[in-house]
1. Quick check: anything in the stretch 44-61 free of Cβ contacts under 8 Å to residues at least 12 places away in the same chain and within 20 Å of Glu146 (Cα to Cα)?
2. Report, by residue number, each residue of the stretch 76-95 that is surrounded by fewer than 15 Cβ atoms within 10 Å (Cβ to Cβ), of a type outside the set (Lys, Arg) and touching a Lys or Arg at 6+ places or on another chain (Cβ under 7 Å).
3. I want to confirm something. Restricting to the stretch 57-93 and keeping residues that are of a type in the set (Ser, Thr, Tyr) and under 21 Å from Lys30 (Cβ atoms), which single residue is modelled with the lowest pLDDT?
4. Filter the stretch 99-152 down to residues that are of a type in the set (Ser, Thr, Tyr) and surrounded by fewer than 13 Cβ atoms within 10 Å (Cβ to Cβ) and give me whichever is modelled with the highest pLDDT.
5. Within the stretch 12-35, does at least one residue satisfy the condition of being within 17 Å of Trp145 (Cα to Cα), at pLDDT 95 or above, touching a helix residue (DSSP H, G or I) at 6+ places or on another chain (Cβ under 8 Å) and among the hydrophobic types (A, V, I, L, M, F, W, C)?
6. Within the stretch 61-75, which residues are exposed (fewer than 13 other Cβ atoms within 10 Å of the Cβ) and within 20 Å of Ile33 (Cβ to Cβ)?
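The values are calculated or read from the model by the stated rules, or taken from the named source; none is laboratory data. This one's a predicted model, so the numbers in the text were calculated from it and none came from an experiment. Using ideal geometry, Cβ is built from the backbone for each residue, glycine included, and neighbour counts are taken over all protein chains shown.
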Amino acid sequence: MKRVVTIFLIFVIAIAVLGCNRQTDQDKVKKIITDIQTAGKAKDLKKIMKNLSKTYSDPQGFNYEGIRGLLIGYFFRYPKISVYINNLTISVENTSAKAVFQTVLTSGEKTGSVTDVIPQSLGIWDFDVTLKKESNDWKVTSAKWEEAEIIE
């Protein structure tokens, strides 16, 4: 009987610990943003696009296929892309979320010379990204970006 009680207590504690580790919607949105960041570095177009809603539309006039074309262009133009995210702020309300952050994009060309290690700047950009919950998954539905103002 003592063994049954011990096993039951271990089971209850395990369930309690697992229940405490649930991801919040804010955590899930952050993961979408960081997954896109990682996929951008790896030039993994498929992984980026799986995080976008098929109904994607942004103020710059891009839709889902337009973003796909934009990314393909950048991936061909820049052999290596590095993406750094700063000041990520996420707000979630019901089935909508917003992520505001700044990115630093750099690139280097693979020419086999010492200059490969010196990044070429693609710029610093301010992003305002809108997400919606679609079938229990967060998807990017719109993004606004503009070059950040550098104060000297």
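1. Yes: one or more hits.
2. Within the stretch 76-95, Pro79, Ser91, Thr95 qualify.
3. Residue satisfying both the conditions and the ranking: Ser82.
4. The selected residue is Ser135.
5. Taking every residue of the stretch 12-35 in turn, none turns out to be within 17 Å of Trp145 (Cα to Cα), at pLDDT 95 or above, touching a helix residue (DSSP H, G or I) at 6+ places or on another chain (Cβ under 8 Å) and among the hydrophobic types (A, V, I, L, M, F, W, C).
6. Leu70
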